[in-house]
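The values are calculated or read from the model by the stated rules, or taken from the named source; none is laboratory data. Predicted model only: the values in this text are computed from it and were never measured. As a convention, Cβ positions derive from the backbone with ideal geometry for all residues, glycine included, and neighbour counts pool all protein chains shown. Ligands, DNA and RNA are excluded from the accessible area calculation, which covers all protein heavy atoms including side chains. Shrake-Rupley method; radii C 1.70, N 1.55, O 1.52, S 1.80 Å.
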Amino acid sequence: MRVGRTQEEMRQRHLSEVLRRVHAEGPLTRAALGERLGLNRSTIMSLIADLAGAGLVSEEKPAETGRAGRPSLVVTPEPERIYGLAFDVAVDGVTAARVGLGGRILARRAAPRPRAVLDLDDVVAVLAEFGRDLAADAGPDAVCVGVGASYCGMVRPDGTVRYGPFLGWADQPFGQDLAARLGLGLPVEVGNEAHLGAVAEHTRGAGTGLDDLIYLHGDVGVGGGIIVGGKLLDGAGGYGCEVGHMVVNPFDGRRCLCGSRGCLEAEVGEEALLDYAGRAHDLVGRDGIREVVALAEAGDARAAEAVDRIGDWLGVGVVNLINLFNPAVVVFGGMLRDLFDGTSPRVRARIEAHVLPVSRERVRLATAALGDDTTLVGAAELAFAELLTDPLTTLEARTAQAARLSRRA
């Protein structure tokens with residue numbers, strides 16, 4: 001009995017590995033899959049047949065290669081039939097998307113969001129409407145295999161927003177409420193935006209192929225996601241890597257919303273930049289950040305000094321992170337991507353002056369390759385997580401759930 005169970009578990013693991021590769025890397029030949037996974041030709045053929053039979057992948061002949069012999073068939077994910085719903089809640093806007101297996105965004109909806117004190121009901125209502133519309137437009141044969149959401153704050157594993165410092169959310173049942181309003185019979189997995197940004201950039205962005213990276217996400221404040229040995233560091237309660245609250249200026253630092261002084265996000269966030277540029281009273285949000293950057297590039301002395309000052313404090317934070325974690329790459333996303341060109345000289349100067357020589361030899365700085373979709377793509381990876389772990393069982397359950405809902409409609 002145990003031998004049979006072990007063989008079944010091994011096959012399930014191999015199915016997971018094949019689908020995970022195709023999802024992350026795109027179309028791959030049978031031969032490439034066998035080589036990457038260390039599996040023989042007959043085993044790979046059998047696994048692909050199971051996945052294709054379930055409608056998760058398809059096979060097609062490759063383009064002409066000019067080589068002799070029979071070419072290996074190309075295995076491709078089925079994004080139109082198999083999809084996840086992804087949601088992103090940022091300070092100034094909300095986004096929803098239908099994302100196909102393989103990571104391609106097929107359709108999206110977006111809306112601005114006022115900086116309200118507590119707007120859980122409003123956010124859930126908007127996202128639920130977007131999600132239902134996206135699911136309805138997917139087609140009768142399409143299957144939603146999961147739902148993931150990114151939120152700009154501290155999130156418990158059960159989908160409760162523990163703390164959203166810029167929005168007034170505390171102990172809000174975001175995941176549970178959104179799942180109920182969507183009415184798809186699926187749970188909503190919720191993660192911190194910077195954590196999910198790190199996962200996205202590691203899976204299909206600037207950190208592809210690297211096991212150690214740091215992702216820094218700028219919104220109003222600064223969040224961080226750290227991957228070590230290919231795994232996300234999330235801490236005992238899921239609140240790890242709050243790099244925005246790393247103290248970089250303890251003596252005369254700016255007041256942070258967390259109650260401390262001199263936190264990284266207090267020194268380099270939106271409020272600090274606009275204040276230093278003398279534009280705190282007439283600019284706000286991402287547009288405000290970009291206007292200060294444009295002013296600095298055009299030669300405005302005060303704006304240029306503000307960007308330099310932000311870059312210097314950002315450099316202090318990056319130095320500490322590199323010395324602690326020895327990453328291969330530090331990726332800058334969100335508004336930090338807008339500031340990268342202006343701040344990177346100061347950041348690099350800090351690295352040169354203060355990072356251990358052995359750690360700075362190979363580290364590089366990069367902007368998020370996925371652009372403003374980084375956190376949304378990370379939310380989609382949450383939506384696909386269960387399918388990628390156990391493809392056939394999960395798909396069977398999701399298909400049955402969709403059929404039950406259809407009969408009730």
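If contacts are Cα pairs under 8 angstrom and at least 6 residues apart, what is the relative contact order of the stretch 300-409 in percent?
So the answer I get is 29 percent.
What whole-number volume per residue, in cubic angstrom, does the convex hull of the C-alpha atoms of the stretch 254-392 give?
Hull volume over Cα atoms, normalised by residue count, gives 149 Å³.
Per the Cauchy relation, a quarter of the hull surface: what is the mean projected area of the convex hull of the alpha carbons in the stretch 115-198, in nm²?
Average projection, Cα convex hull of the stretch 115-198: 5.7 nm².
Compute the distance from the alpha-carbon center of the stretch 124-182 to that of the stretch 301-337, in whole Å.
So the separation of the two Cα centres works out to 31 Å.
Only four residue types carry charge here, +1 at the Cβ of Lys and Arg and -1 at the Cβ of Asp and Glu. Report the dipole size of the stretch 154-288 about the Cα centre in Debye, rounded to the nearest 20.
160 debye
Looking at the chain, send over the antiparallel percent of its DSSP beta bridges, to the nearest 5.
DSSP beta bridges in the chain are roughly 60 percent antiparallel.
For the stretch 352-396 and the stretch 219-271, what is the separation of their Cα centres, given in Å?
19 Å
Please tell me the relative contact order of the chain in percent, rounded to the nearest whole number, where contacts are Cα pairs under 8 Å and at least six residues apart.
Rounded, it is 16 percent for the chain.
Add -39500 (n - 2.57) for each DSSP H run of 4 or more in the chain, then divide by its residues: what number comes out at 222 nm, to the nearest 500 deg cm²/dmol?
-14500 deg cm²/dmol
Can you work out the base-10 log of I(q)/I(0) for the stretch 350-409 at q = 0.19, 0.22, 0.24 1/Å, using the Debye formula on its C-alpha atoms alone?
-0.86, -0.91, -0.94
Provide, for q = 0.11, 0.16, 0.17 Å⁻¹, the log10 of I(q)/I(0) from a solvent-free Debye sum over equal Cα point scatterers in the stretch 138-276.
-0.48, -0.91, -0.99
Give me Rg over Rh for the chain, both radii from the alpha carbons and Rh done the Kirkwood way, two decimal places.
Here the Rg-to-Rh quotient is 1.01.
Show me the ranking of peptides 361-369, 297-305 by mean Cβ neighbours inside 10 Å, starting with the highest.
361-369, 297-305
Let me see the pair-distance distribution of the stretch 203-257: every alpha carbon pair, 5 Å bin width, integer percents in order.
P(r) for the stretch 203-257, in whole percents per bin: 4, 16, 23, 21, 17, 10, 6, 3, 0.
Which order do His281, His217, His245 take when ranked by solvent-accessible area (1.4 Å probe, heavy atoms of all protein chains), largest first? All intermediate terms of the calculation are to be shown ahead of the outcome.
Working: His281 190, His217 20, His245 55 Å².
Solvent-accessible surface, decreasing: His281, His245, His217.
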